[in-house]
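> Sharing a structure below in structure tokens format, with a few things to ask.
The values are calculated or read from the model by the stated rules, or taken from the named source; none is laboratory data. Since we're looking at a predicted model, the values are computed, not measured. Methodologically, a virtual Cβ is constructed for each residue, glycine included, from the backbone with ideal geometry; neighbour enumeration extends over all protein chains shown.
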Amino acid sequence: MIPDFGSRRRFSDLSEQEVLALSISSEEDDARIYRTYAEKLRKDYPASAKIFDGMALEEDEHRRRLIEEHRRRFGEVVPLIRREHVAGYYARKPIWLADTLSLDAMRGEAEEMERQAGEFYTRAAQHTSDAGTRKLLGDLAAAEHGHEQRAHELTEENLPEEVRAKEDRAAYRQFILTWVQPGLAGLMDGSVSTLAPIFATAFATQNTHTTLLVGLAAATGAGISMGFTEAAHDDGVISGRGSPIKRGIASGVMTAIGGLGHALPYLIPDFWTATTIAMIVVFCELWAITWIQHRFMETPVLRAIVQVVIGGALVFLAGMMIGAG
């Protein structure tokens, strides 16, 4: 049984006063969300922070008008009713997820919030036969759609094209420093450093089970080591590289993936079949690293090939020769 599900009211069962009270609390919540976004962005993206400050003020004004309407029609006491009290009412993401949202994601979330509220009120107005309720819901829908338009206007006022381009470049750079760079370092380490022990074991024993165990141990150990090292050696405050937890996860996971890629083929019992597939996987891994370096780190293709493909091939040959010897 879903907790509290049975205690929720259907939107269609709410009175006009309750709908008005629900709208007031919803506007309060949205204003808090916009102010949280603004505070998070204020240091690195001041122009975008101004946009969310403006949208929060718009929500405050809408709430003020709703309270005045409630006072005129129903008096001073506003019933306590919130989104979670109404079945099927549109929800908002937990505010702590703002720490994980990118700048573009916050902009998109704001537009979605306004669109979602407007569409909900529009649909609700179409499903009621009461003239007063229908007018109330229609007015709320128009106000929410107006907020969506106002969001675009605030963007035009506070975020001219050159400022937006500058903030987008800063956000892209932060994405590279927090996710791509540590992830790429992990993938390179996992793909290249595990080549020698895995293929040395393979050619020394020609036993796929033993090679698989060595590969799993090497990939797992390398992933844990790289993840903790990345997270511990730089808290990101001075360097500006972002959350150490995010960087540690990116580095650790990609390291393990890089090592597992050419270890898992040894699940196949036949040695030469498994080794052939592992070699193909290694080739694909090295070219994937080359592409990532060129695409995100802007490394020239030739230099990336020399650094990754040739280096990886040398490590592979060293492991194979040691194991065969």
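> Take segment 290-325 and flag every residue that is surrounded by 14 or more Cβ atoms within 10 Å (Cβ to Cβ) and under 27 Å from T210 (Cβ atoms).
Result: G311, G312, A313, V315, F316, A318, G319, M320, I322, G323.
> Here is a follow-up. Hey, among A274, A263, A231, A278, which residue is under 22 Å from the mean Cα position of the chain (by Cα) and small (G, A, S)?
A231
> Report those helices (runs of 4 or more DSSP H) wholly inside segment 221-325 carrying at least 2 residues which are touching a residue at least 40 places away in the same chain (Cβ under 8 Å).
Where helices (runs of 4 or more DSSP H) fall fully within segment 221-325 and carry at least 2 residues being touching a residue at least 40 places away in the same chain (Cβ under 8 Å), they are 244-261, 271-296, 311-324.
Residue-by-condition table, conditions (1) outside the structural domain of V282 (by TED's automatic domain parsing); (2) closer than 10 Å to G186 by Cβ; (3) at pLDDT 90 or above; (4) not small (G, A, S):
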{"position": "A217", "(1), (2), (3), (4)": "no, no, yes, no"}
{"position": "T220", "(1), (2), (3), (4)": "no, no, yes, yes"}
{"position": "I224", "(1), (2), (3), (4)": "no, no, yes, yes"}
{"position": "G227", "(1), (2), (3), (4)": "no, yes, no, no"}
{"position": "D234", "(1), (2), (3), (4)": "no, no, no, yes"}
{"position": "I238", "(1), (2), (3), (4)": "no, no, no, yes"}
{"position": "P244", "(1), (2), (3), (4)": "no, no, no, yes"}
{"position": "G248", "(1), (2), (3), (4)": "no, yes, no, no"}
{"position": "V253", "(1), (2), (3), (4)": "no, yes, yes, yes"}
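> Mind checking whether some residue in segment 24-35 is over 25 Å from A87 (Cβ atoms) and at pLDDT 85 or above?
Within segment 24-35, one or more residues are over 25 Å from A87 (Cβ atoms) and at pLDDT 85 or above.
> Just the residues that are under 12 Å from Y266 (Cβ atoms) and crowded, with 24+ Cβ neighbours inside 10 Å, please, taken from segment 182-218.
Once the filter is applied, which keeps residues that are under 12 Å from Y266 (Cβ atoms) and crowded, with 24+ Cβ neighbours inside 10 Å, segment 182-218 yields I198, F199, A202, T211, G215.
> A follow-up question, please. Of the residues in segment 124-137, how many are of a type in the set (D, E, K, R) and either under 30 Å from the mean Cα position of the chain (by Cα) or not in a helix (DSSP H, G or I) (or both)?
The number of residues fulfilling the criteria is 1.
> Residues to consider are E27, E39; find the one that is crowded, with 17+ Cβ neighbours inside 10 Å and free of Cβ contacts under 8 Å to residues at least 60 places away in the same chain.
The unique qualifying residue is E27.
> Considering only residues that are charged (D, E, K, R), within 20 Å of A117 (Cα to Cα) and either in a helix (DSSP H, G or I) or outside the structural domain of L14 (by TED's automatic domain parsing) (or both), which ones fall in segment 69-87?
E69, R83, E84
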